[in-house]
1. What Rg and what Dmax come out for segment 170-247 when only alpha-carbon atoms are used, in angstroms?
2. Order 318-328, 500-510 from most to least packed using the mean count of other Cβ atoms within 10 Å.
3. Treating only the Cβ atoms of Lys and Arg (+1) and Asp and Glu (-1) as charged, compute the dipole magnitude of segment 229-376 about its Cα centre; round to the nearest 20 debye.
4. Against the longest principal axis of the chain, how steep is helix 186-207, in degrees 0 to 90 to the nearest 10, with axes from Cα atoms?
5. Can you tell which of Gly46, Leu68, Ala244 lies farthest toward the positive end of the dipole of the chain, using +1 and -1 charges on the Cβ of basic and acidic side chains (Lys, Arg; Asp, Glu)?
6. Treat every Asp and Glu Cβ in the chain as -1 and every Lys and Arg Cβ as +1, leave all other atoms uncharged, and give the resulting dipole magnitude about the Cα centre to the nearest 20 debye.
7. In Å², and per residue, what accessible area does the chain have when probed at 1.4 Å with the other protein chains present?
8. With +1 on each Lys and Arg Cβ and -1 on each Asp and Glu Cβ, how big is the dipole of segment 189-239 about its Cα centre, in debye rounded to the nearest 20?
Amino acid sequence: MAVPETGTRSARDHALAVLRVRGTALGAALLPAAAAAVLLAGGAAGHLRGDGWDALRWAAVAVALPVLAVAAGVAAVIARARPAVSPTVQVEERAAPDLYRLIRDLADRLDVPAPSAIALTPDCDSWLEDRAHATRGRRLPRLGGARGAGAPVLVIGSPFMWWMRVAELRALLAPVVAGTGPSAHPDIAAARRFVRGLDAAAAVAAAAGGPAPRRLAYAFVGRVSRLLLRAGASHAAEMERMVAAAAAVRAQAVDYGLRVVAQEQVGLAYAGWDRLLTRVALPAWRTGRWPARLDAGVVSALTELSRRDRLAEGFATRLGERPACDLLEEPGEVDRQVSLLAARLFHGGPAEPGPDWAPVDWQEYPEEVVDRIWRSEAARLFAALRAAENPTLAELLDRLAGPAAGPGGGTDALAARIGADLAREDAARQEAAREAGGTPLPVPGGDGALLPPGGGFPLQPPRSGRDLLAEHITAAVCCAAVDTAGAAPGLDWLDGPALFVDGERRADLARPVLALAEEADPGPLRDWLAAVGVRSDKPIRLV
């Protein structure tokens, strides 16, 4: 069924404007052929005779044939190009019958076609995605009935499934599901297909290689595609805006009050997800481990946030309601699949687990990730320091607090060596991944930030040489605390790897370490070591 009348009319007007761009391009391609046909028909009918007309006739044919050939080639590339499909985890109906039932009932209540299937994405967003081009020749599971035929796939952000309650998820998805109505409108659907085809053709052209003639041909296709995209861009954007507005209007009658609450939870889920990726998952990924329960970790992170912000009472009441992940038959297995996909998308790891790419449960995280990180960084620090065979904290303090290690003398050189060693290790990991046929690992950006393989926003903010040095000194101190003072590696859901002494997290190590790294002052750190009971004269166990 169509969207509300005003929204349909406005969106359809812009869709027709997009289709007029297609019609204009088609007309321009056919114009020489049409002129040649008129001239040939006139000659055959005994009109337009004479040497001048004959020359004009053959000139028109000479122009029309190559133009038609080029237009056919461009059209073929556009038609065969497959728009990119968002990487997701497909959720079959047998794996989530309650979720499918909820979405089907929601679509019936909104009086729109049901989505053709449901998938999860490791991100805090939800949308509809047309995948008809990617599923030709095989049937896609449908939510039910013929009304779901040809409808787009509903993609749901996986953190929402674990953090939100069932009623909140339904309210959040109401405007999204309402968008299936415009997908059934022929003009809007045709305009979307045209724009997606152009976008895919431009991407294909940009990635084309091979001999020079092939590259030139694809360069021409890319230029035409981008020209047509620019011509219809404003109308396509307005069409989508009108569609979204109409879907929001249609969804207003469904759980309007809950939608306000659900939108508040979206912001919280995003904050927890971002913190979990950057502070918790990224350190694990860099050691060859991927946390297998990232979505469950979102719940733990946000619960910890509520405790720190003194909101636990209100959150406890809300968390007593049924979570949306209960709509899945095996939430743990789905979380595992989404977690592996997140590692591939945000870090570039292999598609399957292996000896150097293993899943890690949260209870194993301190030993498998945190302790390994500390030992590796401590080893890198002492190697850069060219320390003795059995290094100690006492040696580290003496070297960094010596006459040649004042602010800006020896510490800068040490930080530079650590940075160079890190760069070499990253390059070696990338080469190993390429040799294994896996996805390339992230590469350092120009400002030192760690970028995902395909570019985009850095998962790790830029770190200066002093930051790296302080990080490695902290690792050495933590190793010594574990070895000599009964401390233990642990996990803070919001801050990542943490040191625990007598069951309590020690968050007071940063300032003494910075005093040593930036000011060559070992006094505050010596006081901290004495208070915790760390033996600085004992050798540190390294990897």
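The values are calculated or read from the model by the stated rules, or taken from the named source; none is laboratory data. Everything numeric here is computed off the predicted structure, so don't read it as measured data. Every residue, glycine among them, receives a Cβ derived from its backbone with ideal geometry; neighbour counts consider all protein chains shown. Side chains included, ligands, DNA and RNA excluded: accessible areas come from the protein's heavy atoms. Shrake-Rupley method; radii C 1.70, N 1.55, O 1.52, S 1.80 Å.
1. 16.6, 54
2. Top to bottom by mean Cβ count within 10 Å: 318-328, 500-510.
3. On the way: 18 positive and 22 negative charges, 125 e Å.
Value, rounded to 20: 600 debye.
4. Computed tilt is about 60 degrees.
5. Gly46
6. Computed about the Cα centre, the dipole is about 2520 debye.
7. Numbers: 25710 Å² over 543 residues.
Roughly 47 Å² per residue, with all protein chains present.
8. 140 debye
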